[in-house]
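Single-structure report; data block below.
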Amino acid sequence: MTNLRLNARYIPFAAALLLTLLSAVTLLFTGSAWVLLVFLLAAGFSALGVYDLRQPRHAILRNYPIIGHLRYMIESVGPEFRQYFFESDRDEVPFSREIRGLVYQRAKGVEDKRPFGTVESVYASGFNWLTHSIVPKTIKDSNFRVTIGGPDCTQPYEASIYNISAMSFGALSANAISALNRGAKAGGFAHDTGEGGISRYHREGGGDLIYQIASGYFGCRNEDGSFSAEKFAAQARDPQIKMIEVKLSQGAKPGHGGMLPASKISPEIAEARGIPMDRDCVSPAAHSAFSSPREFMGFIAQLRELSGGKPVGFKLCIGHRREFMCLVKAMLATGIAPDFIVVDGKEGGTGAAPLEFVNRVGMPMLEGLHFVHNTLRGAGLRRRIRIGAAGKIVSAYDIARAMALGADWCNSARGYMFAIGCIQAQSCHTNRCPAGIATQDPKRMLALDVGDKTARVTRFHKNTLHALGELVGAAGLSHPSQFLPYHFMFRSKNNEFLDGNEVFEDLPEGFLVDGSDHPDLQVWLDRWTRASPETFVAERMPKNRYALS
């Protein structure tokens, strides 16, 4: 019996061989087309079984010829099965069905209301909510704007408070980029190019662009990959470019570079990035144009001058908090400050990244935003520098909460991807995106109708800001910029809840530089003392495990 059970795994292979033999004999006598079809199928399975037994890579297939392929087939469609058959409306993987459904409805302009009451666990630890006013207001105009541009900026930008976050052409298809940009043009909001340069599809739509440059300097690089001031100026002075964003890091893979193999570089990608097609394209983890905080401030000033005085800022996910303080000290030492800082959270998205980086590297957005906001307050720079926030900001509530904790505006990547039809298949890195969004396959991207998706992008933006206006009015306010931490409550353990000021307190203006005694802020002051405007390298660590006592 034991031998029979062990050999049962070969039954499908044996059956295929037997059916091949029987159908071949029958075909000799009958010549039937149906028998020929059976023979071809059986012979194909038999050949597959022989291959499975001889191939060295997969032990499963050698032990289970033919039938072992079912395992790999089921595994390949596992995310789709979980999403459509097993996932509840509130399971986050990484966006819940409830949130995706909200975006689809607002993008299509259909009913987005919910019946019967909340399904949230309102007494669970981590739940948070907005406090409302007994005297709510009616907000008639929800086209909320913010002016970005400090005292050294001669071309400030009047931006929407909800824009399209960085997604490169190459990661996204031509049709996806075109729909996003045309939607931004129609809705009056901005589209971040991502680090992949400015493609013809960004330009054709005519929407406002935030030109992002990263360590690869795509669109403004020399042949050796270094920064080209001449090429940057030619790009940045285009009237369609409204702001310049230097990417220091992104939430999903901070501190990680990348490489685009030569085999994946199309003529259009090469054109947008300014790279050759016959070699791999490397994006280093670190910039080559600067290496110290003071040098980075000089680079920001150079970009502002080369762009003709447009707002220049940088994007980062917070890692070593002292290093961010090094940047702020360099701002004070040089008198040069960025016009804006975009804080990305580790919950941010990406086309592909190592699992360890996606799950375990970088600070989440709320904590990172709170830290940047209070560091600038402590240095006396907060009124001069605008802050943007990114990282799973999809609903009006997400925007309101981020603005309460220090953001002046918000960006979203995956929210707008959902608006143009993303189904969260999580196959962005395979070039087989079923919605034609995250792919360079010309046949797949044709499935994305630019005209229809353009309208959806515009509607999603408009309806989300309308919902935000209703939240603003419910709180008795006139503009989202008036949200403060105390407008939100956060439930902690044991069913207790805290005022937002207790969880995310606004620290005193100038406390890092005014010399006042703040014993309750000693951790902040100690980190500030260890920060230097000259180098990112720590002169001393707070604790050294090898130091002698």
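The values are calculated or read from the model by the stated rules, or taken from the named source; none is laboratory data. The structure displayed is predicted, hence computed values, not measured ones. Neighbour counts run over all protein chains shown; Cβ positions are idealised from the backbone, glycine included. SASA here: full protein model, heavy atoms, side chains in, ligands and nucleic acids out. Shrake-Rupley method; radii C 1.70, N 1.55, O 1.52, S 1.80 Å.
Conditions (1) open to solvent by less than 70 Å² (accessible area, probe 1.4 Å); (2) in contact with a Gly (Cβ under 9 Å, 6 or more places away or on another chain); (3) part of a loop (DSSP other than H, G, I, E, B), marked per residue:
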site	(1), (2), (3)
Pro94	yes, yes, yes
Glu111	no, no, yes
Asp141	no, yes, yes
Cys153	yes, yes, yes
Met167	yes, yes, yes
So which residues in region 181-224 are touching a residue at least 60 places away in the same chain (Cβ under 8 Å) and on the phi > 0 side of the Ramachandran plot?
-> Gly197, Tyr217
Residue pairs within 8 Å by beta carbon, gap of at least six or interchain, first lying in region 48-68 and free of Cβ contacts under 8 Å to residues at least 40 places away in the same chain, second assigned to a loop (DSSP other than H, G, I, E, B) and aliphatic (A, V, I, L, M), listed first then second, are Leu48/Ile66; Gly49/Ile66; Asp52/Ile66
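Inspect region 278-289 for any residue being in a strand (DSSP E or B) and open to solvent by 30 Å² or more (accessible area, probe 1.4 Å) and give the result as yes or no.
Taking region 278-289 and keeping what is in a strand (DSSP E or B), we get 281-283.
From what's left, open to solvent by 30 Å² or more (accessible area, probe 1.4 Å): 282.
Within region 278-289, one or more residues are in a strand (DSSP E or B) and open to solvent by 30 Å² or more (accessible area, probe 1.4 Å).
Confirm whether Lys264 is within 24 Å of the chain's Cα centre (by Cα) and open to solvent by 70 Å² or more (accessible area, probe 1.4 Å).
On the way: within 24 Å of the chain's Cα centre (by Cα): yes; open to solvent by 70 Å² or more (accessible area, probe 1.4 Å): yes.
Yes.
Name the residue, out of Phe357, Phe314, that is over 17 Å from Ile241 (Cα atoms), in contact (Cβ under 8 Å) with a residue 12 or more places away in the chain and either within 15 Å of the chain's Cα centre (by Cα) or surrounded by fewer than 23 Cβ atoms within 10 Å (Cβ to Cβ) (or both). Full working, then the answer.
Details: Phe314 fails: over 17 Å from Ile241 (Cα atoms).
Of the residues listed, the single one that is over 17 Å from Ile241 (Cα atoms), in contact (Cβ under 8 Å) with a residue 12 or more places away in the chain and either within 15 Å of the chain's Cα centre (by Cα) or surrounded by fewer than 23 Cβ atoms within 10 Å (Cβ to Cβ) (or both) is Phe357.
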Which listed residue, of Ile399, Ile437, is modelled with pLDDT of 90 or more, under 30 Å from Val503 (Cα atoms), β-branched (Val, Ile, Thr) and surrounded by 24 or more Cβ atoms within 10 Å (Cβ to Cβ) = Ile399
Any residue at all in region 463-475 that is among the acidic types (Asp, Glu) and either under 22 Å from Met365 (Cα atoms) or touching a residue at least 40 places away in the same chain (Cβ under 8 Å) (or both)?
-> yes
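Quick grid of which residues meet (1) under 22 Å from Gly388 (Cα atoms); (2) surrounded by fewer than 20 Cβ atoms within 10 Å (Cβ to Cβ); (3) at pLDDT 95 or above:
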| site | (1), (2), (3) |
| --- | --- |
| Gly207 | yes, no, yes |
| Glu230 | no, yes, yes |
| Met243 | yes, no, yes |
| Gly257 | no, yes, no |
Conditions: (1) in contact with a strand residue (DSSP E or B) (Cβ under 7 Å, 6 or more places away or on another chain); (2) open to solvent by 10 Å² or more (accessible area, probe 1.4 Å); (3) assigned to a loop (DSSP other than H, G, I, E, B). Arg304 meets all but one. Number of the miss?
-> (3)
Spans of helices (runs of 4 or more DSSP H) in region 311-401 with at least 3 residues among the basic types (Lys, Arg) | 321-334
Run Gly510 past the list (1) of a type outside the set (Val, Ile, Thr); (2) on the phi > 0 side of the Ramachandran plot; (3) touching a Lys or Arg at 6+ places or on another chain (Cβ under 7 Å) and report the number of the one that doesn't hold.
-> (3)
Mind listing just one residue for me: the one in region 440-456 that is within 17 Å of Gly183 (Cα to Cα) and of a type outside the set (D, E, K, R) and, of those, least open to solvent (accessible area, probe 1.4 Å)?
-> Leu448
Arg145 meets each of (1) touching a residue at least 40 places away in the same chain (Cβ under 8 Å); (2) surrounded by fewer than 24 Cβ atoms within 10 Å (Cβ to Cβ) with one exception, condition (1)
For region 41-58, indicate whether the set of residues that are in a loop (DSSP other than H, G, I, E, B) and modelled with pLDDT under 80 is non-empty.
-> yes
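Is it true that Gly469 is open to solvent by less than 50 Å² (accessible area, probe 1.4 Å), assigned to a helix (DSSP H, G or I), at pLDDT 95 or above and touching a Pro at 6+ places or on another chain (Cβ under 8 Å)? Give the derivation first.
Working: open to solvent by less than 50 Å² (accessible area, probe 1.4 Å): yes; assigned to a helix (DSSP H, G or I): yes; at pLDDT 95 or above: yes; touching a Pro at 6+ places or on another chain (Cβ under 8 Å): no.
No: the conditions fail for Gly469.
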Looking at Gly298, is it in contact with a Phe, Trp or Tyr (Cβ under 9 Å, 6 or more places away or on another chain), open to solvent by 30 Å² or more (accessible area, probe 1.4 Å) and at positive phi?
-> no
Just one listed residue, out of Pro519, Pro480, Pro508, is within 23 Å of Asn411 (Cβ to Cβ), of a type outside the set (Ser, Thr, Tyr) and either surrounded by 13 or more Cβ atoms within 10 Å (Cβ to Cβ) or modelled with pLDDT under 95 (or both), and it is Pro480
